[in-house]
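The values are calculated or read from the model by the stated rules, or taken from the named source; none is laboratory data. Everything quoted here is computed from the prediction, not taken from an experiment. Ideal geometry is used to build each Cβ from the backbone, glycine not excepted, and the neighbour counts take in all protein chains shown.
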Amino acid sequence: MSEDDDLDASKAPLLEHLIELRQRLIWALVALLVAFGVCFYFAEDIYAFLTRPLADILESQPGRRMIYTGLHEGFFTYVKVALFAAFLVAFPIIANQIWKFVAPGLYRNERRAFLPFLIATPVLFLAGAALVYYFVFPAAWQFFLSFERPPGGDGLPIQLEAKISEYLSLVMLLMFAFGLSFQLPVLLVLLGRAGLVSAAMLAEKRKYAVVIVFAVAAVLTPPDPFTQIGLGLSIMALYEVSIWLIRITERKRRNQSGDSSS
């Protein structure tokens, strides 16, 4: 076979992979667009769900409201809400397309090892988002509202009139931050399987992890103790879970190597 024939043969698999990648990206984009259309139709319901923690606190105070100050702000807020919800809804399909693109290049045992992580990723993300929505938001919003000042005292009264864009941006940022932080076990266990980290090393570096985790929590969250401590403790709990899972993986690996040597 000539050199030109070898070059053409090497180009063919690359072209096939690019065509396959384009097809998977198209399916993922179509899923996202369809989910966006559905979520935009229900944008008001999604908005009501996201504002429910604040609405529950202000329920006993009639006349409380949220505002927007730009003509386009309300519309683009609904667009942002719909896009955020669409990504959550379409993520299983997007992840499935990524899996279908990657899986043919893996051995059967590698596919079996990787599949649980693919399933755990959206589950852990939803767990993190649910934690911040149901437990962190009520405490954090109550803390921020404690700085209001009713009329009748010294000085001018202070009352919250939150902008919908700022409120929803904060809500989505925190839900994304908690959901992303809950991917820590997936990342560490994958690194453990690759031999880049070990359970002993993670346990030894635990004190440094505490400092880094709470520093990251302080950057990602608003300056209130409830959110920062909630995120920091959650990540540290997941850190400990990761050490336990890596220990199990290492034990299985030692048992397999012992059986093969015998």
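For the reader, a short list of remarks on this structure follows.
- Residue in region 133-146 that is assigned to a loop (DSSP other than H, G, I, E, B) and under 18 Å from residue 222 (Cα atoms) present: yes
- Of all the numbered requirements in (1) surrounded by 19 or more Cβ atoms within 10 Å (Cβ to Cβ); (2) closer than 30 Å to residue 51 by Cβ, residue 243 misses one, and that requirement is (2).
- Just one of the listed residues (129, 82, 48) is free of Cβ contacts under 8 Å to residues at least 12 places away in the same chain and under 18 Å from residue 174 (Cα atoms), and it is 48.
- Of everything listed in (1) modelled with pLDDT under 85; (2) closer than 22 Å to residue 45 by Cβ, the single unmet condition for residue 218 is (2).
- Selection within region 188-239: residues that are among the basic types (Lys, Arg) and part of a helix (DSSP H, G or I). The member of this set that is nearest to residue 118 (Cα to Cα) is 193.
- Of the residues making up region 70-79, those that are surrounded by fewer than 16 Cβ atoms within 10 Å (Cβ to Cβ), touching a helix residue (DSSP H, G or I) at 6+ places or on another chain (Cβ under 9 Å) and at pLDDT 90 or above are 76, 79.
- Any hit, region 17-29, residues being exposed (fewer than 15 other Cβ atoms within 10 Å of the Cβ), among the charged types (D, E, K, R) and at pLDDT below 90: yes
- Counting the residues of region 155-187 that are more than 10 Å from the chain's Cα centre (by Cα) and either part of a loop (DSSP other than H, G, I, E, B) or over 28 Å from residue 63 (Cβ atoms) (or both) gives 11.
- Qualifying residue in region 96-113 (condition: under 20 Å from the mean Cα position of the chain (by Cα) and without any contact (Cβ under 8 Å) to a residue 60 or more places away in the chain): yes
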